[in-house]
1. Identify, by number, the condition in (1) open to solvent by 40 Å² or more (accessible area, probe 1.4 Å); (2) without any contact (Cβ under 8 Å) to a residue 24 or more places away in the chain; (3) within 22 Å of the chain's Cα centre (by Cα) that Lys240 doesn't meet.
2. In the stretch 244-265, how many are open to solvent by less than 70 Å² (accessible area, probe 1.4 Å), assigned to a loop (DSSP other than H, G, I, E, B) and touching a residue at least 60 places away in the same chain (Cβ under 8 Å)?
3. Can you pull out every residue in the stretch 190-208 that is within 24 Å of Lys253 (Cβ to Cβ) and assigned to a helix (DSSP H, G or I)?
4. Does the stretch 221-233 hold any residues that are without any contact (Cβ under 8 Å) to a residue 60 or more places away in the chain and open to solvent by 10 Å² or more (accessible area, probe 1.4 Å), and which are they?
5. Which residue, of Lys136, Lys128, is among the basic types (Lys, Arg), closer than 27 Å to Phe51 by Cα and free of Cβ contacts under 8 Å to residues at least 24 places away in the same chain?
6. List the strands (runs of 3 or more DSSP E) inside the stretch 76-178, counting only whole elements, that have at least 2 residues being open to solvent by 10 Å² or more (accessible area, probe 1.4 Å) and not acidic (Asp, Glu).
7. Quick one: Leu218 ticks every box in (1) over 22 Å from Tyr70 (Cβ atoms); (2) modelled with pLDDT of 95 or more; (3) of a type outside the set (S, T, N, Q); (4) touching a helix residue (DSSP H, G or I) at 6+ places or on another chain (Cβ under 9 Å) bar one, so which box is it?
Amino acid sequence: MKTTLLIDGDVIAYQSSFVAQANVQWKDELWTVHTDLALAKNWAIERFDMFKEKTGADAFIIALSDKNNYRRKLNPQYKANRRSKFAPIGLSPMREWMAEEYGIVQYPNLEADDVLAIMATDLTPDEKRIIVSIDKDFKSVPCTFYDFNRDEIHDVSVEDASRYHLMQTMAGDPVDGYKGIPGVGGVKANRLLDNEGATWATVMKAYKAAGLTEEEALMNAWMAYLIQYKEYDPVKQQLKYLWMPSEYSNEDKQRFSHIIQQVTGELNEDLSRPNPFDPLEAV
């Protein structure tokens, strides 16, 4: 059976350009920031080789995020706190190099995480696919996931993926700009799922106890959810629909169709966020 790695190119581009960057003091009050792209490229190549050796893979595919992100249509605060952060100066050149050297997969309005989740759930009988990243959110996808920072391989079942998604819906992720239920972190969310069942009813009970609405619960669920193959049209490269609780009837789903229709089908709006500060942008 062929094994293909699905590599998070966003992480590789950022980490490689970060390790290759250096601050140089020329004299007392003169500092500059430099990067060595050759060092960054070699770092990335070493990681690709290490990933293949670790997993016994035959090939790999690199995914990168599109500048537009459908989640910002639903929640303008999604990852908005990253706007002011400095980007390593080699970040854009490394993304361009990976695209030229290896080819990349990039879908309109989706993050690299979504692209990887789509490919990982589009299974064929004669191929094994392994997501390679450091993002814990892949525990919400039924897949094999190699966390290379921790050197851990996770085989995530459908049940475990669903549970993790429900946990994340309650706990939120302030770094990504969705807050979940105030006062509920991962530990408390898991305890609720243990005690009351890993179901949407448990999530809704916790939201209502905090004075929050069903729409707020769904919004957090949509922010936490990574798009899978069944929800995406690979020909038109468009979202077909958003995740909804399996317990919902068609009538339940219809109540939120006006929100879902904002991001499914053709979506040509500029949903990009301002780039992190780039000292070379004006040069």
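The values are calculated or read from the model by the stated rules, or taken from the named source; none is laboratory data. Fair warning: this is a prediction, and the values are worked out from it, not measured in the lab. Every residue, glycine as well, gets a Cβ built from its backbone with ideal geometry; the counts of neighbours run over all protein chains shown. When the accessible area is computed, the model is the full protein with side chains, heavy atoms only, and any ligands, DNA or RNA have been set aside. Shrake-Rupley method; radii C 1.70, N 1.55, O 1.52, S 1.80 Å.
1. (2)
2. Selection size over the stretch 244-265: 1.
3. Hits for the stretch 190-208 are Leu193, Glu196, Trp200, Ala201, Thr202, Val203, Met204, Lys205, Ala206, Tyr207, Lys208.
4. Selection gives Asp233 alone.
5. Only one candidate qualifies: Lys136.
6. Strands (runs of 3 or more DSSP E) meeting the threshold: 127-133, 152-155.
7. Exception for Leu218: condition (1).
To keep it simple, each residue is scored yes or no on (1) part of a helix (DSSP H, G or I); (2) open to solvent by 80 Å² or more (accessible area, probe 1.4 Å); (3) at pLDDT below 95.
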position: Leu5; (1), (2), (3): no, no, no
position: Val11; (1), (2), (3): yes, no, no
position: Ser16; (1), (2), (3): yes, no, no
position: Ala22; (1), (2), (3): no, no, yes
position: Trp26; (1), (2), (3): no, yes, yes
position: Ala40; (1), (2), (3): yes, no, no
position: Ile45; (1), (2), (3): yes, no, no
position: Phe48; (1), (2), (3): yes, no, no
position: Glu53; (1), (2), (3): yes, yes, no
